[in-house]
């Protein structure tokens with residue numbers, strides 16, 4: 001198993017596990033490798049050091065790099081998005097209609113999510129209905145394994 005460090009054009013770094021370097025090249029050429037954060041499949045391979053399992057090692061740890069902070073922030077954002085997805089009802093393209101029904105007490109109050117046009121979102125705000133755009137990465141739109 002070959003673990004490769006990858007990056008999309010938006011700077012999201014992630015790991016990919018492949019049977020071999022040739023397997024990665026094959027999947028990449030067929031656009032099967034995609035960023036788990038934004039879904040971009042223009043993925044490039046980053047230089048990486050060999051991974052060593054030094055369990056029990058008493059060596060001092062190296063300072064944390066900025067990229068580690070970025071990876072941590074991405075992981076936190078993904079966890080927050082997962083929580084929002086778990087705790088809201090997906091009403092799909094009926095979002096504007098359902099938000100109005102809830103606002104005007106025609107439907108039970110609950111947290112919802114869905115899709116709507118920018119024009120409908122502005123109209124909801126003008127009516128006093130609070131909405132928030134939430135870009136959901138492609139990796140979260142389908143069940144994770």
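Which one of these is modelled with pLDDT of 85 or more and either loosely packed, with under 10 Cβ neighbours inside 10 Å or in contact with a strand residue (DSSP E or B) (Cβ under 8 Å, 6 or more places away or on another chain) (or both): 55, 48, 26, 20?
Values: 55 fails: modelled with pLDDT of 85 or more; 48 fails: modelled with pLDDT of 85 or more; 26 fails: either loosely packed, with under 10 Cβ neighbours inside 10 Å or in contact with a strand residue (DSSP E or B) (Cβ under 8 Å, 6 or more places away or on another chain) (or both).
That would be 20, the only listed residue that is modelled with pLDDT of 85 or more and either loosely packed, with under 10 Cβ neighbours inside 10 Å or in contact with a strand residue (DSSP E or B) (Cβ under 8 Å, 6 or more places away or on another chain) (or both).
Considering only the stretch 94-110, how many residues are over 14 Å from residue 133 (Cα atoms) and touching a strand residue (DSSP E or B) at 6+ places or on another chain (Cβ under 9 Å)?
Our first condition is that a residue be over 14 Å from residue 133 (Cα atoms); within the stretch 94-110, this holds for 94, 97-98, 100-110.
Then drop every residue that is not touching a strand residue (DSSP E or B) at 6+ places or on another chain (Cβ under 9 Å), which leaves 94, 97-98, 102, 110.
Of the residues in the stretch 94-110, 5 are over 14 Å from residue 133 (Cα atoms) and touching a strand residue (DSSP E or B) at 6+ places or on another chain (Cβ under 9 Å).
Would you say residue 85 is under 21 Å from residue 36 (Cα atoms) and part of a loop (DSSP other than H, G, I, E, B)? Give the steps one after another, and end with the answer.
On the way: under 21 Å from residue 36 (Cα atoms): yes; part of a loop (DSSP other than H, G, I, E, B): no.
No.
Check the stretch 30-44 and report whether any residue there is more than 22 Å from residue 131 (Cβ to Cβ), surrounded by 11 or more Cβ atoms within 10 Å (Cβ to Cβ) and modelled with pLDDT under 75.
Within the stretch 30-44 (the criterion being more than 22 Å from residue 131 (Cβ to Cβ), surrounded by 11 or more Cβ atoms within 10 Å (Cβ to Cβ) and modelled with pLDDT under 75), the answer is no, since none of the residues qualifies.
If I filter the stretch 9-22 for residues that are on the phi < 0 side of the Ramachandran plot and in contact (Cβ under 8 Å) with a residue 40 or more places away in the chain, do I get at least one hit?
Applying the first criterion (on the phi < 0 side of the Ramachandran plot) to the stretch 9-22 yields 9-10, 12-22.
From the residues that got through so far, the ones that are in contact (Cβ under 8 Å) with a residue 40 or more places away in the chain too are 12-13.
Yes; the residues of the stretch 9-22 include at least one that is on the phi < 0 side of the Ramachandran plot and in contact (Cβ under 8 Å) with a residue 40 or more places away in the chain.
How do the pairs read when you match residues in the stretch 79-104 that are touching a residue at least 40 places away in the same chain (Cβ under 8 Å) with residues anywhere that are not in a strand (DSSP E or B), using Cβ under 6 Å and keeping only pairs 6 or more apart or on different chains?
Once the first residue is touching a residue at least 40 places away in the same chain (Cβ under 8 Å) and sits in the stretch 79-104, its partners that are not in a strand (DSSP E or B) give 81/140.
Kindly list the number of the only condition in (1) part of a loop (DSSP other than H, G, I, E, B); (2) at pLDDT 85 or above that fails for residue 113.
Residue 113 satisfies every listed condition except (1).
With respect to residue 67, is the statement that it is surrounded by 14 or more Cβ atoms within 10 Å (Cβ to Cβ), at pLDDT below 95 and either within 30 Å of residue 12 (Cβ to Cβ) or in contact with a helix residue (DSSP H, G or I) (Cβ under 9 Å, 6 or more places away or on another chain) (or both) true? Spell out how you get there, then give the answer.
Details: surrounded by 14 or more Cβ atoms within 10 Å (Cβ to Cβ): no; at pLDDT below 95: yes; either within 30 Å of residue 12 (Cβ to Cβ) or in contact with a helix residue (DSSP H, G or I) (Cβ under 9 Å, 6 or more places away or on another chain) (or both): yes.
Spelling it out, it is not the case that residue 67 is surrounded by 14 or more Cβ atoms within 10 Å (Cβ to Cβ), at pLDDT below 95 and either within 30 Å of residue 12 (Cβ to Cβ) or in contact with a helix residue (DSSP H, G or I) (Cβ under 9 Å, 6 or more places away or on another chain) (or both).
Suppose we keep only residues that are under 24 Å from the mean Cα position of the chain (by Cα) and outside any loop (DSSP other than H, G, I, E, B) within the stretch 116-131. Which one would you say is nearest to residue 95 (Cα to Cα)? Working first, answer last.
Initially, the stretch 116-131 is screened for residues under 24 Å from the mean Cα position of the chain (by Cα), giving 116-118, 121, 130-131.
Cutting the leftovers down to outside any loop (DSSP other than H, G, I, E, B) gives us 118, 121.
On the way: 118: 12, 121: 9 Å.
So, considering only residues that are under 24 Å from the mean Cα position of the chain (by Cα) and outside any loop (DSSP other than H, G, I, E, B), the one nearest to residue 95 (Cα to Cα) is 121.
The values are calculated or read from the model by the stated rules, or taken from the named source; none is laboratory data. Here the structure is a predicted model, which is why all the values come from computation and not from measurement. Reconstructed Cβ throughout: ideal geometry from the backbone, glycine too, with neighbour counts over all protein chains shown.
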